[in-house]
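Worksheet: the structure to be examined is printed underneath.
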Amino acid sequence: MKTAMSSGKPKVWDKQKRTYEIKWPDGKRELWKKVTIRECLTKYYNMGAQELGLEIREIVGKELKLQEIMDD
């Protein structure tokens, strides 16, 4: 799932901490762990994501559990 801000402001921000993956055009991947969607999107857009061609997605389900196991 690719995420992008749509026009307008949301009325309520989800405050749940999640894990997001940032993918660079050269194939490099970066994980941001335990951040809210607001923190994630702020950091993402401050990096100049659209000019750099970055992609963002939330890590969920089995992939998240596997990542947690690998981190231990």
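Numbers for the structure displayed
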{"item": "Taking the C-alpha atoms of the stretch 33-72, convex hull volume expressed per residue in Å³", "result": "82 Å³"}
{"item": "Accessible heavy-atom area order of Met47, Met70, highest first, probe of 1.4 Å", "result": "Met70, Met47"}
{"item": "Most to least accessible of Thr19, Thr42 (protein chains only, probe 1.4 Å)", "result": "Thr42, Thr19"}
{"item": "Per-residue HN-Hα couplings for the stretch 25-37 [Karplus 6.51, -1.76, 1.60; θ = phi - 60°; Hz; x = Gly/Pro]", "result": "x, 7, x, 5, 10, 10, 9, 10, 10, 6, 10, 7, 5"}
{"item": "Amide hydrogen neighbours beyond the local backbone of Thr36, cut-off 5 Å, H modeled", "result": "Arg18"}
{"item": "Net charge of Cβ neighbours under 15 Å - reference Gln16; Lys, Arg +1; Asp, Glu -1", "result": "+3"}
{"item": "Net dipole in debye of the stretch 12-71 [+1 Lys, Arg Cβ; -1 Asp, Glu Cβ; about Cα centre; nearest 20]", "result": "240 debye"}
{"item": "Accessible-area ranking of Asp26, Asp72, largest first, probe 1.4 Å", "result": "Asp72, Asp26"}
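The values are calculated or read from the model by the stated rules, or taken from the named source; none is laboratory data. Just so it is clear, the model here is predicted, and its values are computed rather than measured. Every residue, glycine among them, receives a Cβ derived from its backbone with ideal geometry; neighbour counts consider all protein chains shown. With ligands, DNA and RNA removed, areas are computed over all heavy atoms of the protein, side chains included. Shrake-Rupley method; radii C 1.70, N 1.55, O 1.52, S 1.80 Å.
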